[in-house]
Amino acid sequence: MIGLSLLKDEYALKVYKKNFKVKFPVIADTSGKIQEKSGVVHIPITVLADKNGKILSSHLGKINDLDAYMGEIKKLHKGL
C-alpha cells in the first residue's frame, strides 16, 4: 500500500502520519503533478491495482466496513 498526500506542506504530512499512526509509505504530491496525471479530484479514494497497474477496484470516500472491503479484495485476488 502506498498513500498519496495532496497536502502542500511536508511537515503537515509528517504530523498527520504521526497522529493517525500511518504505517505505510506516503508520497507527498506538493506540486500536484501526480494528482493531475492520475485524474484524482476527490479524496479520500482507495484504488486497488494489479502488479501491471491495471485498476481492479476503486472506492471513493471513507471505508466504513473494513471487513467487508477486505472480503472484496480477497475475491478480486482469487480471480487473478
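The values are calculated or read from the model by the stated rules, or taken from the named source; none is laboratory data. Computed from a predicted structure; not experimentally measured. Don't worry about glycine lacking a Cβ; one is built from the backbone with ideal geometry, like all the others, and counts go over all protein chains shown. Quick note on the areas: whole protein, heavy atoms, side chains included, nothing else; ligands and nucleic acids left out. Shrake-Rupley method; radii C 1.70, N 1.55, O 1.52, S 1.80 Å.
In region 1-13, which residues are in a helix (DSSP H, G or I) and surrounded by 14 or more Cβ atoms within 10 Å (Cβ to Cβ)?
Result: 13, single match.
State whether the residues of region 51-59 include one that is open to solvent by 80 Å² or more (accessible area, probe 1.4 Å) and of a type in the set (Val, Ile, Thr).
Checked against the condition, which is being open to solvent by 80 Å² or more (accessible area, probe 1.4 Å) and of a type in the set (Val, Ile, Thr), region 51-59 yields at least one hit.
For region 16-44, give me each residue that is touching a residue at least 24 places away in the same chain (Cβ under 8 Å) and open to solvent by 100 Å² or more (accessible area, probe 1.4 Å).
Scanning region 16-44 gives a single hit, 43.
Give me the pairs, please: first residue somewhere in region 50-67 and modelled with pLDDT of 85 or more, second residue anywhere and part of a loop (DSSP other than H, G, I, E, B) and open to solvent by 90 Å² or more (accessible area, probe 1.4 Å), beta-carbon distance under 7 Å, and either six or more positions apart or on two chains.
Matching pairs, first to second residue: 60/42.
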